[in-house]
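The values are calculated or read from the model by the stated rules, or taken from the named source; none is laboratory data. This one's a predicted model, so the numbers in the text were calculated from it and none came from an experiment. Here the Cβ positions follow ideal geometry from the backbone for every residue, glycine too, while neighbour counts run over all protein chains shown. When the accessible area is computed, the model is the full protein with side chains, heavy atoms only, and any ligands, DNA or RNA have been set aside. Shrake-Rupley method; radii C 1.70, N 1.55, O 1.52, S 1.80 Å.
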Protein chains: 2
Amino acid sequence: MKIGIYGYGNLGRGVECSIAQNKDMEIFGIFTRRNPADVKPMFNTTKVYSTDDILKFKDQIDVLIICGGSATDLPEMTPSLASNFNVIDSFDTHADIPKHFANTDLAAKNGKNIAIISVGWDPGMFSLNRLYASAILPEGNDYTFWGKGVSQGHSDAIRRIEGVKDARQYTCPVESALERVRNGENPTLTTREKHTRLCYVVAKEGADKERIEREIKEMPKYFADYDTTVNFISQEELDKNHKGIPHGGFVIRTGKTGKEKQNNHVIEYSLKLDSNPEFTASVLVAYARAAYRMRTRGEIGCKTVFDVAPADLSMMTPDEIRAKML
Amino acid sequence: MKIGIYGYGNLGRGVECSIAQNKDMEIFGIFTRRNPADVKPMFNTTKVYSTDDILKFKDQIDVLIICGGSATDLPEMTPSLASNFNVIDSFDTHADIPKHFANTDLAAKNGKNIAIISVGWDPGMFSLNRLYASAILPEGNDYTFWGKGVSQGHSDAIRRIEGVKDARQYTCPVESALERVRNGENPTLTTREKHTRLCYVVAKEGADKERIEREIKEMPKYFADYDTTVNFISQEELDKNHKGIPHGGFVIRTGKTGKEKQNNHVIEYSLKLDSNPEFTASVLVAYARAAYRMRTRGEIGCKTVFDVAPADLSMMTPDEIRAKML
């Protein structure tokens, strides 16, 4: 199975590493909008091409993993590339998924290709767990908590404040809220009760720290609805202790069964990830395998993780997974 | 969707209750090997038939959920019924799954029906989580812990000892082992290091409690390889505090990503169930929906949870699940 990597940031590098862990796959190459000569891949055997040349390789790439941003890249790239390639993306703007699905479905069907969108952990593995749990326990409540983990969007928002040199923001689940959910209390939780925001900020020399802290805490949408803690630290400390990109979270469903609804059940799925982009990349690569197999069986059009049978993700044969994993 | 319930013990009663929570389904009836007049269903609207008459209803039942035991019932019942009905079972003798699959596959294909076997939580939801996690993190380790929960097989084994009036056995995961796994230590754990066994025993009047305790602790396969605690209690206390059938457990995979395998990830799935049979029944019912949809699309033969796309389990339409759950 020959996999193309379209876009080469943190996610693309994660995909390159992940493919090396999957013996039934090989990297066809990286496609970059930059000058290919300026891109240094993780492995020196990986070829680098310009995105301008991609159509030349239409018949040589089995699946293209698109590693672009959800804000502006993917809404354009995924439908456009789905006309000519089997594609996977990690589109994560939840509210715009129906539109992105429709656009990609049309293009993929026209091109007789398969596309799997919104692959990763949320959307992705968390979505799957919400679906499985709600199908099993129709009378119940769903809870999703994120963190502890770095939010790139919130870190960027802090860095845009005047006087800020660098920043890193962690989203943290509120432990007491998690415990109430696990105990089956079915609480109604406000935004503030579910998560806190923890910020590490490097201020420029002479900057007004009080004003920076106030601007962070009052920032609408990003911070105003949360209990936010701001810690000013040195660039050295930030570089030493906060350069990783960890993330994770919890999907919990509590529900009732029995004639009198007398029995409670708790289904919990959690992730603790050292590297958000590398884990997301690993999910993308597993779904690239599924896309290849589904297309080989004749399926076309846009799919999501909900449409993919789990067996299609595994390197093992159906006989092996039944014998070893069931 | 009309569902038949074949066999009416704890699991069959759970299925009857679960169908009442799924608005797109109705109970066709219960099929029992006993005299139908002697069976009292949970809901007085539920019809009861003899298993002898089942072929009369071949065209009226969409899916038959077979609620028999794995030791002797299901190896016979499932292939036999799959010749005439779409069927679901919860066959849980892990080592015999390949054989049961082959027998059922042949029968289902001959009858042009669909069969989904080994549905429940282990095998079932735990198997799914082992598969998803290993596909995402190919370089890693899997751990499954069970409990705290009642093991019927171990409780029965104690009840067969001379002088024992009643007994209840709980399988308990060892917390410190769980913590080592979660911390990514990748420990190699013996049977004894993973689980303990906790027994509540009611002795007959005048019975030799020391001998009973020794016989339990030395029982090969069931108890000898575990740290076992035996508590003698009164029948009243057992009836008051130990009549439930709770269970649950944990599936954890830890794995590494990155060029130097420098990043660790922990994927954890856990269940905390007040009623093992009612939860298993709820999983069976969700997969009955999938069986019906897959057969409607023309699929036949034997399947497992690995072959079922998650969307087929949900009452919601594909548009709804993309909009609400992705």
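Quick notes on this structure:
- Criterion: of a type in the set (Val, Ile, Thr), under 25 Å from B:PHE28 (Cα atoms) and at pLDDT 95 or above - qualifying residue of B:VAL230, B:VAL251, B:VAL283: B:VAL283
- A:GLU237 being within 7 Å of chain B (Cβ to nearest Cβ), at pLDDT 95 or above, assigned to a helix (DSSP H, G or I) and more than 22 Å from A:ASP142 (Cβ to Cβ): no
- Which numbered condition A:LYS259 fails, given (1) touching a strand residue (DSSP E or B) at 6+ places or on another chain (Cβ under 8 Å); (2) within 14 Å of another protein chain (Cβ to nearest Cβ); (3) among the basic types (Lys, Arg): (1)
- Yes/no for B:ALA135 being of a type in the set (Gly, Ala, Ser), under 30 Å from A:LEU284 (Cβ atoms) and touching a helix residue (DSSP H, G or I) at 6+ places or on another chain (Cβ under 6 Å): yes
- Test result for B:GLU320, at pLDDT 95 or above, more than 8 Å from chain A (Cβ to nearest Cβ), in a helix (DSSP H, G or I) and open to solvent by 30 Å² or more (accessible area, probe 1.4 Å): yes
- Any hit, the stretch B:168-178, residues being modelled with pLDDT of 95 or more, within 14 Å of chain A (Cβ to nearest Cβ) and at negative phi: yes
- Test result for A:THR254, in contact with a helix residue (DSSP H, G or I) (Cβ under 8 Å, 6 or more places away or on another chain) and not acidic (Asp, Glu): yes
- Verdict on B:GLU26 being charged (D, E, K, R) and open to solvent by less than 30 Å² (accessible area, probe 1.4 Å): no
- Scanning the stretch A:154-177 for residues that are within 25 Å of A:ILE252 (Cα to Cα) and of a type in the set (Gly, Ala, Ser), we see that the one that is surrounded by the most Cβ atoms within 10 Å (Cβ to Cβ) is A:ALA177.
- Filtering the stretch B:118-149 to residues that are of a type outside the set (A, V, I, L, M) and farther than 25 Å from B:SER70 by Cβ leaves B:PRO138, B:GLU139, B:GLY140, B:ASN141.
- The stretch B:199-221 residues that are part of a strand (DSSP E or B), paired with ones that are open to solvent by 40 Å² or more (accessible area, probe 1.4 Å) and of a type outside the set (Asp, Glu) (beta carbon under 6 Å, 6 or more apart): B:TYR200/B:ASN231; B:VAL201/B:PHE232; B:VAL202/B:LYS165; B:ALA203/B:LYS209; B:ALA203/B:PHE232
- Any chance B:ALA291 is more than 10 Å from every other protein chain (Cβ to nearest Cβ) and buried (at least 24 other Cβ atoms within 10 Å of the Cβ): yes
- Odd one out for A:GLU16 among (1) part of a helix (DSSP H, G or I); (2) surrounded by fewer than 18 Cβ atoms within 10 Å (Cβ to Cβ); (3) of a type in the set (Asp, Glu): (2)
- Qualifying positions in the stretch A:1-33 - acidic (Asp, Glu) and within 12 Å of chain B (Cβ to nearest Cβ): A:GLU16, A:ASP24
- Here the stretch A:294-317 is the region considered, the condition is being polar (S, T, N, Q) and either facing chain B (nearest Cβ under 8 Å) or in contact with a helix residue (DSSP H, G or I) (Cβ under 8 Å, 6 or more places away or on another chain) (or both), and the residue that is nearest to A:VAL119 (Cα to Cα) is A:THR304.
- Count of the stretch A:269-286 residues, restricted to those that are open to solvent by less than 10 Å² (accessible area, probe 1.4 Å) and either more than 9 Å from chain B (Cβ to nearest Cβ) or over 13 Å from the mean Cα position of the chain (by Cα) (or both), is 3.
- Condition met for A:LYS243 (farther than 26 Å from B:ILE252 by Cβ, open to solvent by 40 Å² or more (accessible area, probe 1.4 Å) and assigned to a strand (DSSP E or B)): no
- Applying a threshold of 7 Å to beta carbon distances and a minimum spacing of six or more residues, or different chains, the list of pairs starting in the stretch B:270-290 at a residue that is of a type in the set (Lys, Arg) and ending at one that is part of a strand (DSSP E or B) and open to solvent by 10 Å² or more (accessible area, probe 1.4 Å) reads B:LYS272/A:VAL266.
- Leading residue by the ranking (most open to solvent (accessible area, probe 1.4 Å)) among those in the stretch A:190-224 that are closer than 15 Å to A:PRO173 by Cβ and among the charged types (D, E, K, R): A:ARG192
- Residue within the stretch A:211-229 that is among the acidic types (Asp, Glu), closer than 25 Å to A:ASN276 by Cα and over 24 Å from the mean Cα position of the chain (by Cα) present: yes
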